[in-house]
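Please read through the structure below; I'll follow up with questions.
The values are calculated or read from the model by the stated rules, or taken from the named source; none is laboratory data. For clarity, every value in this text was computed on a predicted model and none was experimentally measured. Quick reminder, even Gly has a Cβ in these numbers, built from the backbone with ideal geometry, and neighbours come from all protein chains shown. Each accessible area value is taken on the protein alone, full model and side chains, heavy atoms only, with ligands, DNA and RNA left out. Shrake-Rupley method; radii C 1.70, N 1.55, O 1.52, S 1.80 Å.
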Amino acid sequence: MSNETLQAVKGMNDILPDEAELWLWFEEEVRDWLHGYGYRNIRMPLVEPTALFKRAIGEVTDIVEKEMYSFEDALNGDNLTLRPEGTASCVRAVLQHNLLYNAPQRLYYSGQMFRHERPQKGRYRQFHQIGVEALGFAGPDIDAEQILMCARLWRRLGLRDVALQLNTLGDAASRHRHRVKLIAYFEQHRDRLDADATRRLYTNPLRILDSKNPAMQELVAAAPGLSDELDEEAIRHFDEVQAVLKHHDVVFEINPRLVRGLDYYNRTVFEWVTTRLGAQGTVCAGGRYDGLVEQIGGKPAPAMGFAMGVERLLALLQEDGMALPKAEVDVYVVHQGELAGRLASRVAEQLRDDRLHVLLHCGGGSFKSQMKKADASGATVAVVIGDDEAQAGEVSVKPMRGGEQVRVKVQTLVETVNKLIK
Ligand code: ATP
Ligand code: MG
């Protein structure tokens, strides 16, 4: 057997304790923000039947064509996939448990997603999303609400330079008319299509507009636009979304080339983009997907949702020089001697009964070296116990950021510590 050190899978990151502090802080902020809009948490499995994503995301999308971690269950031969996104699973769960019966749902989830991409800054093979889905809402009010929500989160996090891009994809009929025109246009310029575009010409010509190939940009820019095909109702819907955003002074740019990489979107689509993360600048993306519920086998229901890329948002926060918050230690318990050791673990438990965060020194050593550790821990208070104190049923309490050390009875320790902490 080789004794080479084993490494994590390429593109899948460990989040070490210092950085995890930032994640915890972020997750708490996000949870509070979501609850402020009445969204409720839902948790789906990381693994789903492959067929779910093929049906929901679309066979000729980047994700399904080349990014999914799919495998055969070795025990029963089922075709399974590590989830590349959350919307499909969320809708599946809602339908499976009949959550849309009688009431619309505002839901959110967070967690790992898996896509086999080329790892680079802001693009990983395991990454995290916070996903927000509103199911059973047809009107433009919910579209606007979700975009306003995002704007609030950026404000709350103190994020600068995230710009909103907006577009409408219209409805099925106008998309169909547009598709016919697109195919005719690209057929005329067949010699200028790259391999991806040639392959998509008849299966998903809209996706050609999303091409990142610089050589295709000119051709794409001159392609027939969807905006000429929109019907009145879709236009009214989009106008209303914009009116609400303007009413709230949310700045946006209409980007007619914004089509999103997944098949299920219609009407409003949006992305929040920053120029400060290089090519991986989209931190949040979403839109309306009125057809998806039916596509997955449910009774038709309109829906709107978005997902944020957590790694990208945190990178942006760190770019802004956001200091890493540290988990708080209230008390560090220092002790020497057998009797003192036993009292130390007892008072540590007592303090924890009062919900304080306590580090009990383990591993022995001189008072001096233990006090160094107490200092390094960032604790507000050190509790110091020697055998003579233990014998008397007392402990010494030392405020770590200045102030006199005092000796108190064990019974009054919790009260003394609390006074120093507050
Ligand atoms: P991109 O165009 O960057 O590939 P996408 O359109 O595939 O993004 P979505 O499926 O809309 O992305 O996912 C929503 C968000 O999740 C993205 O805006 C991004 O912030 C984040 N995201 C997507 N893929 C990755 C990845 N491989 N690594 C890190 N974050 C990602
Ligand atoms: Mg992608």
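Looking only at the stretch 64-100, count every residue that is surrounded by fewer than 21 Cβ atoms within 10 Å (Cβ to Cβ), in a helix (DSSP H, G or I) and within 13 Å of ligand 1 (Cβ to nearest atom) and tell me the total.
Counting residues in the stretch 64-100 that are surrounded by fewer than 21 Cβ atoms within 10 Å (Cβ to Cβ), in a helix (DSSP H, G or I) and within 13 Å of ligand 1 (Cβ to nearest atom) gives 3.
Next question, about the same structure. Could you list, in sequence order, the residues of the stretch 304-330 that are part of a helix (DSSP H, G or I) and of a type outside the set (G, A, S)? Show your work before the answer.
Taking the stretch 304-330 as the starting set, the residues that turn out to be part of a helix (DSSP H, G or I) are 310-319.
Correct list: V310, E311, R312, L313, L314, L316, L317, Q318, E319.
Table: residues versus (1) closer than 28 Å to L148 by Cβ; (2) of a type in the set (S, T, N, Q); (3) modelled with pLDDT under 90.
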residue	(1), (2), (3)
L193	no, no, no
M216	no, no, no
L262	yes, no, yes
N266	yes, yes, no
R276	yes, no, yes
Q280	yes, yes, yes
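What pairs come out if I take residues in the stretch 183-202 that are among the β-branched types (V, I, T) and pair them with residues that are open to solvent by 80 Å² or more (accessible area, probe 1.4 Å) whose C-beta lies under 8 Å away, six or more apart or interchain?
Here the result reads I183/Y202; T198/R190, each pair linking the stretch 183-202 to a residue that is open to solvent by 80 Å² or more (accessible area, probe 1.4 Å).
Of all residues in the stretch 271-303, count the ones that are among the aromatic types (F, W, Y) and either assigned to a strand (DSSP E or B) or surrounded by fewer than 23 Cβ atoms within 10 Å (Cβ to Cβ) (or both).
Within the stretch 271-303, residues that are among the aromatic types (F, W, Y) and either assigned to a strand (DSSP E or B) or surrounded by fewer than 23 Cβ atoms within 10 Å (Cβ to Cβ) (or both) number 1.
How many residues are within 30 Å of P325 (Cβ to Cβ), in a helix (DSSP H, G or I) and modelled with pLDDT under 95 when one looks only at the stretch 378-413?
0
Restricting attention to the stretch 122-176, which residues are among the β-branched types (V, I, T), touching a helix residue (DSSP H, G or I) at 6+ places or on another chain (Cβ under 7 Å) and either open to solvent by 30 Å² or more (accessible area, probe 1.4 Å) or over 20 Å from D210 (Cβ atoms) (or both)?
I130, V132, I147, V162
Scan the stretch 58-68 for residues that are more than 21 Å from the chain's Cα centre (by Cα) and of a type outside the set (V, I, T) and jot them down.
Those that are more than 21 Å from the chain's Cα centre (by Cα) and of a type outside the set (V, I, T): G58, E59, E65, K66.
Test V180 against the stated conditions and say whether it is open to solvent by less than 60 Å² (accessible area, probe 1.4 Å), more than 16 Å from ligand 2 (Cβ to nearest atom) and either of a type in the set (A, V, I, L, M) or in contact with a helix residue (DSSP H, G or I) (Cβ under 7 Å, 6 or more places away or on another chain) (or both).
Considered against the rule, which asks whether it is open to solvent by less than 60 Å² (accessible area, probe 1.4 Å), more than 16 Å from ligand 2 (Cβ to nearest atom) and either of a type in the set (A, V, I, L, M) or in contact with a helix residue (DSSP H, G or I) (Cβ under 7 Å, 6 or more places away or on another chain) (or both), V180 comes out as no.
Taking Q120, is it within 15 Å of the chain's Cα centre (by Cα) and either closer than 21 Å to F238 by Cα or within 16 Å of ligand 2 (Cβ to nearest atom) (or both)?
In short, no.
I would also like to ask the following. Specify the residue that is nearest to A303 (Cα to Cα); the eligible residues are those in the stretch 69-107 that are under 19 Å from the mean Cα position of the chain (by Cα) and within 16 Å of ligand 2 (Cβ to nearest atom).
Across the stretch 69-107, the extreme among qualifying residues is T87.
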